[in-house]
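Engineer: Below: one structure in C-alpha cells.
Every number in this text was worked out from the coordinates using simple rules, so none of it is lab data. Model, not experiment: these values are computed from the prediction. A quick note on method: Cβ atoms are made from the backbone with ideal geometry, for glycine too, and the neighbour counts reach across all protein chains shown.
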C-alpha cells in the first residue's frame, strides 16, 4: 500500500467519472497525434515530390516572347547547349487534348508526344515495351488503363485518335502529380507519329533533367542568360524552388493542425481539473484525517497528483493506440499512402501527443493537489 | 518530565466582531501513564486545548511542550511529524479511511513513517490486541460495526507506539454497552501498557476510569 495505490483506488472508486475524464484525454491525444500525422504526411508527400522532380527544370516559351507559343527543334538544341550538354538530359515534348475511341467507346484524352528514345528517360513502364519512332505504338498511363479496364483499353488494345489507329504496346507505372507532365491519365505517343498526324514540327515545353542536383542553379542561370539575352524567349521554372515554398506551407499546415489538436487536449485538461477539484471537495474530511494522523502536505499533494497522472497515463496509452489506427485511416484516405504513418516523424507525433496528454493531466492536477495540501486539518476534520 | 506541559498558554482567535479568547492562560502538566479526562460545557475551550495538545494548532502565547519538544514556532511539517511520531488520535466518528481495508488502515501510519518491512504483521498484532478477529482484517471499515471500527481506530492510534492517546468523545457514537467495552479497552491499554490517555468527554460516567479530571470553563481550568 502506497500513495500511488491509494490514488489508484480512488480513481477506480469513481470509475464512471474517471472514465469520462480519461475519454477527454484520449480524444485530445488522438486529435493531436492524428493532426500531427496528417500535417507531417502532407509534408512528406511534398518532400517525396521534391526528391522526385527536384532535379527538373521545365522550360516553356515566354508568354510575351515573339517566337510564338511553341519551341522549335533549333531552340531545343540551343537550350541543351545553354544548359551544358554534359550536365543535362533534355526531353522536348508536345501535348494536346484529343478525342479517342476504343472499340465502341469514345472519349477524350491528354496526349503527350516526345522522341521515342526519350520516353524511357522520363517515364517508367509497368508492362509491355516502349514505342518506337517508326511504328504506330503508344503507351497508356496507369490510371487511364485502370479507369478503362472494362472498355478494353489495355496492353495490345487498339486506340483510335482522329482517323488513325494506334496499338497499346506499353503501360506506364503510376507516377503521381508532377510539375512537368502528368502521364497517369494520358496517352504517350512517339513524336514522329505526333508530328505527322498533327502536321507540327515544334514542341510545347522542354523538360531539362539535371544529372547532378548541385548543378541546378548553374543550369537554370545558363538557360536564362543565353536564351533570353535580347528578349524573353523562354521562361524557366525551377520545380525545387516552387516545391520549397509549398513545403513551407505544409509546415504551417502542420502547426495549424497541431493547434487544433492542442485545444482539444486543453479542454480535456479542464475536465481533469474539474474531476480533481470534485475529488478534493468530496474528500475534505478524509484529507483532514490523513493530515491529523501525520500525513505531510507534500504527501497529500503527491497522492492527488498521482490520481491525475493515472488518468493521464491511461488516457495517453489508449489514445496512443487509437492514434495509430486513426493515423492509418488518415494516411490511407487523405494522402493515400499509409507508409507515411510508419515514418519516424509520424510516430514521433503519437509519442508527442501521449506526452502532451500526460503533461496536461499532471498540470491540471497540480492546483487541486495544492488545494488539498493547503487544507487546515482542524477545519477539514470538522467538515461533514 | 511530563508528557504534555502547558505554561501560561493562551489562544486567541481574531474575528471581525472582536477577538475570541479560547484559552486564557492555561498551566497544565500531564505525566506519563496518566488517564486524564477533560470536561466542560460547549465553548469552554476543550477542543482548542485538544487541538494544541494534538499539535494541530499552536498557542498564541505561552509555552507548550509535547514529548519533550516545544511546539511554538514549529512549521507545518514539524507539527505533522509530531502527530505522526508521538500522538495517537482517536475520534468520535472513528475516521477510518474508507478506501483502505481494516488492516491497511492500521498499517498506514507505519508506512507514513517509512516502516514497510513487517508493517502488515505489526498491524495484525495490534489489531489482535484490541480484539479485532482475523476474519475482519480485509474488510472495508463500512462493513464493520461501530464498536469494531472504533477498535480498529484505536489500533491505528497505537500502532506507531505514541507517547499518548488523544481521544475526542471516543464513545459518543456508540451505544452504552459498546461504549463501555471501548472504555475498558482504553483503560486496559492505560493500566497494562502504560499508555498515557487524554480524553475529552461530556459523559460524567467516564470519571470512574480517570486518574484525574480537568474541568474547563471559559478558557480556564476550573
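Engineer: Using packing as a proxy for protection, rank B:195-203, B:27-35 so that the peptide with the highest average count of other Cβ atoms within 10 Å comes first. All intermediate terms of the calculation are to be shown ahead of the outcome.
Structural biologist: On the way: B:195-203: 21.4, B:27-35: 16.4.
Descending packing order for the listed peptides: B:195-203, B:27-35.
Engineer: Separate question: For peptide A:293-303, how many partner chain Cβ atoms fall within 10 Å of a residue's Cβ, on average?
Structural biologist: Mean partner-chain Cβ count within 10 Å for A:293-303: 5.
Engineer: Given the options B:13, B:108, B:209, which has the most mean-square fluctuation in a GNM of chain B, springs set between C-alpha atoms less than 10 angstrom apart?
Structural biologist: Looking only at B:13, B:108, B:209, the largest GNM fluctuation is found for B:13.
Engineer: Shifting gears a bit: Grab the beta carbon distance between residue A:231 and residue A:160, set R0 = 35 Å, and tell me the FRET efficiency rounded to 0.05.
Structural biologist: Approximately 0.25, to the nearest 0.05.
Engineer: If you count, for every residue in B:91-99, the Cβ atoms of partner chains within 10 Å of its Cβ, what is the mean?
Structural biologist: On the way: counts 5, 0, 4, 1, 8, 2, 7, 5, 11.
That works out to 5 on average.
Engineer: I need the shape label for the protein assembly as shown. Rule: rounded when a/c is under 1.5, else prolate if a/b > b/c, else oblate, with a, b, c from the alpha carbon gyration tensor.
Structural biologist: Values: a/c = 5.47, a/b = 3.67, b/c = 1.49.
Judged from the Cα gyration tensor, the protein assembly as shown comes out prolate (a/c at least 1.5, a/b above b/c).
Engineer: With angles folded into 0 to 90 degrees, how steeply does helix A:239-282 sit against the dominant principal axis of chain A? Use alpha carbons for both and round to 10.
Structural biologist: Tilt of helix A:239-282: around 20 degrees.
Engineer: Please label the shape of segment B:1-140 as rounded, prolate or oblate, based on the square roots a ≥ b ≥ c of the eigenvalues of the alpha-carbon gyration tensor (a/c under 1.5 means rounded; beyond that, a/b larger than b/c means prolate, else oblate).
Structural biologist: Values: a/c = 2.16, a/b = 1.96, b/c = 1.10.
Prolate.
Engineer: I've got another one for you. Which whole-number percentage describes the relative contact order of segment A:260-384, with Cα contacts under 8 Å and a sequence gap of 6 or more?
Structural biologist: Values: 127 pairs, mean separation 63.1, N = 125.
That works out to 50 percent.
Engineer: What FRET efficiency would be calculated for the residue pair residue A:245, residue B:78, taking the C-beta separation as r and a Förster radius of 51 Å, to the nearest 0.05? Show your work: numbers first, answer last.
Structural biologist: On the way: r = 65 Å, r/R0 = 1.28.
Calculated value: 0.20.
Engineer: Shielding of B:154-161 by partners, i.e. mean partner chain Cβ atoms within 10 Å per residue? Write out the running numbers ahead of the final one.
Structural biologist: Details: counts 0, 0, 2, 1, 0, 0, 2, 0.
Rounded to a whole number, the mean comes out at 1.
Engineer: Can you pull the Kirkwood radius for segment A:67-230, inverse mean 1/r over Cα pairs, to one decimal in Å? Mind showing how you got there, number by number?
Structural biologist: Details: mean 1/r = 0.0602 Å⁻¹.
Radius from the Kirkwood sum: 16.6 Å.
Engineer: GNM on chain B, C-alpha springs below 10 Å: top fluctuator among B:59, B:14, B:109?
Structural biologist: B:14
Engineer: Principal axis extents for segment B:6-70, Cα atoms only, whole Å, descending order, please.
Structural biologist: Answer, in whole Å and largest first: 42, 26, 18 Å.
Engineer: Can you put A:149, A:173 in order, fewest other beta carbons within 10 Å first? All intermediate terms of the calculation are to be shown ahead of the outcome.
Structural biologist: Values: A:149 9, A:173 13.
Fewest to most other Cβ atoms nearby, the residues stand as A:149, A:173.
Engineer: Find how many whole Å separate the alpha carbon centroid of segment A:309-384 from the alpha carbon centroid of segment B:105-172.
Structural biologist: Measuring centre to centre over Cα atoms gives 39 Å.
Engineer: Counting other beta carbons within 10 Å of each Cβ, put A:193, A:15 in order, fewest first. All intermediate terms of the calculation are to be shown ahead of the outcome.
Structural biologist: On the way: A:193 21, A:15 10.
Least to most surrounded, the residues fall as A:15, A:193.
Engineer: Applying a 10 Å radius around every beta-carbon, put B:163-170, B:115-122 in order of their mean neighbour count, most first.
Structural biologist: Numbers: B:163-170: 23.1, B:115-122: 13.6.
Averaged packing, sorted descending, gives the order B:163-170, B:115-122.
Engineer: So for segment A:67-230, averaging the separation of alpha carbon pairs under 8 Å that are six or more residues apart and normalising by length, what relative contact order in percent results? Display every interim value, and only then the final one.
Structural biologist: Values: 310 pairs, mean separation 55.6, N = 164.
Normalised by residue count, the contact order of segment A:67-230 is 34 percent.
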